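Following: one structure in C-alpha cells, then a few remarks.
The values are calculated or read from the model by the stated rules, or taken from the named source; none is laboratory data. All of these numbers come straight from a predicted model, not from anything done at the bench. Because the Cβ atoms are built from the backbone with ideal geometry, glycine has one as well, and the counts that use them run over all protein chains shown. Areas reflect the complete protein model, heavy atoms only, side chains present, ligands, DNA and RNA absent. Shrake-Rupley method; radii C 1.70, N 1.55, O 1.52, S 1.80 Å.
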Amino acid sequence: HNGTLDKYIGDGLMATFGVPRKSPTDATNAIRCALAMREQMKEWNAIREQQGWQPINIGIGIHYGPVVMGNIGSEERMEFAVIGDTVNVASRIEHLSRELETEIVLSDDVVAAAHEEKGPNHAIFDGFREAPEQHLRGRLTGMICWVYNEEVAVEDRLRREEAIDLAPNTERM
C-alpha cells in the first residue's frame, strides 16, 4: 500500500506513508493497509483456531500530519527515522484500540485527509464510526477518533450495494 516499515517496537511496528515523498493518497493508503492487515490477521487466526491456538489480537492507530524526518544517531549507529507530535499521537491512538475494543482507530485528521483524497462516501470508510471525544496523554484538548466495527462494515457495504443497484449508472468502488 506504498507504506514504509519504519521500525519494530517490541511486538509492534511503525509504518509511514508519504515518507520520504508525499503522494496524493497517503491517508487512504494507510487506511487500506490497516484494513488489509486486519483481514490477514483474521485469516491467520482462523487457522490458529483450527489448530487449537489462541487468536492474536491487533491494535492499529493511524494519525496524519507533519513529521520531522532524517538520519538520527551517530556514526556508529545511524538510522533514518520520523519524529514529532504526529508520531507520538499515532502511538497513543494505537493504545486506544484496547480501551475502545477495536482493531483500528483513526484520528479525525487522517479521516479528513482521506475525505479530501477520495470523498466522504468512499467504500474505504465502511465500518468506521466516530467515537466519543478521546483524551490522550500529553494533549490539552480531546481528540475525535473513528473506530472500526466489522458488523457495521457489513451493513455499510450492503447499503452501498443496494444504492448502486438502485442507480445502475453508478460505478462500483
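A few remarks follow.
- Of the residues making up the stretch 156-167, not a single one is in a helix (DSSP H, G or I), open to solvent by 80 Å² or more (accessible area, probe 1.4 Å) and at pLDDT 95 or above.
Matching residues to (1) of a type outside the set (Gly, Ala, Ser); (2) modelled with pLDDT under 95:
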| site | (1), (2) |
| --- | --- |
| Asp26 | yes, no |
| Met37 | yes, no |
| Met69 | yes, yes |
| Phe80 | yes, yes |
| Ile83 | yes, yes |
| Thr102 | yes, no |
| Asp109 | yes, no |
| Ala114 | no, no |
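- Test: residue in the stretch 47-58 that is of a type in the set (A, V, I, L, M), exposed (fewer than 11 other Cβ atoms within 10 Å of the Cβ), under 23 Å from Tyr148 (Cα atoms) and in contact (Cβ under 8 Å) with a residue 12 or more places away in the chain: yes
- Those residues of the stretch 79-105 which are of a type in the set (Lys, Arg) and open to solvent by less than 80 Å² (accessible area, probe 1.4 Å), in sequence order: Arg92
- Here is the figure for the stretch 35-62: residues that are in a loop (DSSP other than H, G, I, E, B) and aromatic (Phe, Trp, Tyr) total 1.
- Search result, residues across the stretch 24-53 that are of a type outside the set (A, V, I, L, M, F, W, C) and touching a strand residue (DSSP E or B) at 6+ places or on another chain (Cβ under 8 Å): Asp26, Asn29, Arg38
- Members of the stretch 106-118 that are within 15 Å of Arg32 (Cβ to Cβ) and outside any helix (DSSP H, G or I): Leu106
- Taking the stretch 119-133 as the range and being aromatic (Phe, Trp, Tyr) and not in a strand (DSSP E or B) as the test, only Phe125 passes.
- Here the stretch 59-78 is the region considered, the condition is being more than 14 Å from the chain's Cα centre (by Cα) and touching a residue at least 12 places away in the same chain (Cβ under 8 Å), and the residue that is surrounded by the fewest Cβ atoms within 10 Å (Cβ to Cβ) is Pro66.
- Scanning the stretch 55-104 for residues that are over 23 Å from Pro24 (Cβ atoms) and among the hydroxyl-bearing types (Ser, Thr, Tyr) returns Ser74, Ser91, Ser97, Thr102.
- Check on Pro132, within 30 Å of Gly10 (Cα to Cα) and loosely packed, with under 12 Cβ neighbours inside 10 Å: yes
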